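Undergrad: The structure under discussion is supplied below as structure tokens; questions concerning it will follow.
The values are calculated or read from the model by the stated rules, or taken from the named source; none is laboratory data. These numbers come from a predicted model, not from an experiment. Here Cβ is always computed from backbone atoms with ideal geometry, including for glycine, and neighbour counts include all displayed protein chains. Areas reflect the complete protein model, heavy atoms only, side chains present, ligands, DNA and RNA absent. Shrake-Rupley method; radii C 1.70, N 1.55, O 1.52, S 1.80 Å.
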Amino acid sequence: MCLIRLIKHMKIGSEFKVGNMIFLNEKQTATLISNKVAYHAVKDAFIAAVSDKATLFPVVSAAGTMPGSTFSLKSACTETIVGWKTGSYWPQNIALGRPCHGTTIFLLDSDNGSLKAIVEASQVNAFRTAAADAVAVDYLARRDASSLAVFGTGHQAEYEVMAISEVRDIDTVLVVGRSIEKTEALIDKLRKKGVSAKSSDAKTACENADIIITVTTSGTALFQAEWVKPGTHISAMGADKKGKQELPIELYLNAALFCDFESQSVEIGEFQHTKNASIIDIGQVLNGIRSGRISSTDITIFDSSGIAIQDLFVANKLINLFEA
């Protein structure tokens, strides 16, 4: 029986193997993942990414036959983990009642190149993305930061807020959205999880937030640089391809800039809009090579373009948890 047939016939909730190859389905990975698991895996991945034993390869972007459908391939290798992640976006799935975003992670045996694991990770991807934000906030935001502004009301926004709430004592969340209905829906979800949230305009949110999170598909700046107060931390989570932009470029002049991986950030991330700026990989802050926030008045910016090592480390962690 071919591999695809075997996967289709596997029992939900059981580990599946063909030889030494492991398959974890969406239901299994969604059960195993948590903010804590994702945080520690992503933190380790950031540190690994800046070591001389790691290589991140250029992102491959492609499109499907359906209008607006896209997919990408991000790959990397370290001393012990080798593989790639595919991410897809099929907007037509909304009409079918199916998720628009999909993620699958493939791991190879680092010794012989054979397929080691296939890990379905669509919900995991939401935790992984939010974990990158949480790590950045934990190391760059002021320790007394308590007010959070989130720009964007899509699927990912809730995950961002909840992940940050685990590393900072957030007492106020200001939600900035284009749609009143989606804004109120996100506020309702957050309130049901015990988070105090309310809607806000962009200017008020920036002027009152200690932490600003942007999680949109925008191609233009979401607010003005002068609205951001000293001491603010900003995580730009949305830019992951050419042409996307969430932050005003004027903000870069008076801010300390950090990212998940510089060469990718300036190619497809938020910092594609910088010119000869000094940008620090967050992994260098985590391992103590570079400084993060220096003073309480610093404005710090973290760009997350999403790097493959994060996905590989999270997938490996889930496999270890499953087999424990």
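Undergrad: Name the single residue, out of those in the stretch 47-98 being among the basic types (Lys, Arg) and assigned to a loop (DSSP other than H, G, I, E, B), that is least open to solvent (accessible area, probe 1.4 Å). Even if it seems obvious, please write down each step before you answer.
TA: Initially, the stretch 47-98 is screened for residues among the basic types (Lys, Arg), giving 53, 74, 85, 98.
Add one more test, that the residue is assigned to a loop (DSSP other than H, G, I, E, B), and what stays is 53, 98.
On the way: 53: 111, 98: 148 Å².
The residue in question is 53.
Undergrad: Could I ask something else about it? Looking at (1) touching a residue at least 40 places away in the same chain (Cβ under 8 Å); (2) over 14 Å from residue 316 (Cα atoms); (3) of a type outside the set (Lys, Arg); (4) open to solvent by less than 70 Å² (accessible area, probe 1.4 Å), can you tell me which one residue 101 breaks?
TA: The one condition residue 101 does not meet is (4).
Undergrad: Mind listing whichever residues of the stretch 125-182 are of a type in the set (Val, Ile, Thr), assigned to a helix (DSSP H, G or I) and either more than 11 Å from the chain's Cα centre (by Cα) or surrounded by fewer than 19 Cβ atoms within 10 Å (Cβ to Cβ) (or both)?
TA: Correct list: 137, 161, 164, 180.
Undergrad: Out of all the residues in the stretch 70-96, which are under 24 Å from residue 312 (Cα atoms) and small (Gly, Ala, Ser)?
TA: Hits for the stretch 70-96 are 72, 75, 76, 83, 87, 88.
Undergrad: Still on this structure: Here are the criteria: (1) open to solvent by less than 40 Å² (accessible area, probe 1.4 Å); (2) closer than 18 Å to residue 290 by Cβ; (3) under 16 Å from the mean Cα position of the chain (by Cα). Tell me which single one residue 44 does not satisfy.
TA: In the conditions (1) open to solvent by less than 40 Å² (accessible area, probe 1.4 Å); (2) closer than 18 Å to residue 290 by Cβ; (3) under 16 Å from the mean Cα position of the chain (by Cα), residue 44 misses (1) alone.
Undergrad: For the stretch 223-244, which residues satisfy the criterion of being closer than 24 Å to residue 293 by Cα and in contact (Cβ under 8 Å) with a residue 40 or more places away in the chain?
TA: Those that are closer than 24 Å to residue 293 by Cα and in contact (Cβ under 8 Å) with a residue 40 or more places away in the chain: 223, 228, 230, 231, 232, 233, 234, 235, 236, 237, 238, 239.
Undergrad: Enumerate the pairs (first residue in the stretch 166-190 and without any contact (Cβ under 8 Å) to a residue 24 or more places away in the chain; second residue anywhere and surrounded by 11 or more Cβ atoms within 10 Å (Cβ to Cβ) and hydrophobic (A, V, I, L, M, F, W, C)) with beta-carbon separation below 7 Å, excluding pairs fewer than 6 apart on the same chain, so at least 6 apart or on different chains.
TA: Every condition considered, the pairs that remain are 187/175; 187/197.
Rundown of residues vs (1) of a type in the set (Phe, Trp, Tyr); (2) more than 17 Å from the chain's Cα centre (by Cα), yes/no style:
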site	(1), (2)
224	no, yes
229	no, yes
236	no, no
248	no, yes
254	no, yes
258	yes, no
261	yes, no
265	no, no
271	yes, no
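Undergrad: For the stretch 190-266, which strands (runs of 3 or more DSSP E) that fit wholly inside it have 1 or more residues that are surrounded by fewer than 23 Cβ atoms within 10 Å (Cβ to Cβ)?
TA: So the answer is 197-199, 256-259.
Undergrad: When only residues in the stretch 4-41 that are polar (S, T, N, Q) and open to solvent by 60 Å² or more (accessible area, probe 1.4 Å) count, which is modelled with the lowest pLDDT?
TA: So, considering only residues that are polar (S, T, N, Q) and open to solvent by 60 Å² or more (accessible area, probe 1.4 Å), the one modelled with the lowest pLDDT is 20.
Undergrad: Just checking, does the stretch 185-192 include any residue being out of contact with any helix residue (DSSP H, G or I) (no Cβ under 6 Å at 6 or more places or on another chain) and within 29 Å of residue 295 (Cα to Cα)?
TA: Checked against the condition, which is being out of contact with any helix residue (DSSP H, G or I) (no Cβ under 6 Å at 6 or more places or on another chain) and within 29 Å of residue 295 (Cα to Cα), the stretch 185-192 yields no hits at all.
Undergrad: Moving on. Would a scan of the stretch 202-217 turn up a residue that is among the hydrophobic types (A, V, I, L, M, F, W, C) and farther than 18 Å from residue 300 by Cβ?
TA: Here is the first cut: in the stretch 202-217, the ones among the hydrophobic types (A, V, I, L, M, F, W, C) are 202, 205-206, 209, 211-213, 215.
This time we only want the ones that are farther than 18 Å from residue 300 by Cβ, so: 202.
Yes: one or more hits.
Undergrad: Here are some residues: 289, 294, 301, 282. Which one is open to solvent by 10 Å² or more (accessible area, probe 1.4 Å) and within 16 Å of residue 233 (Cβ to Cβ)?
TA: Result: 294 is the single residue among 289, 294, 301, 282 that is open to solvent by 10 Å² or more (accessible area, probe 1.4 Å) and within 16 Å of residue 233 (Cβ to Cβ).
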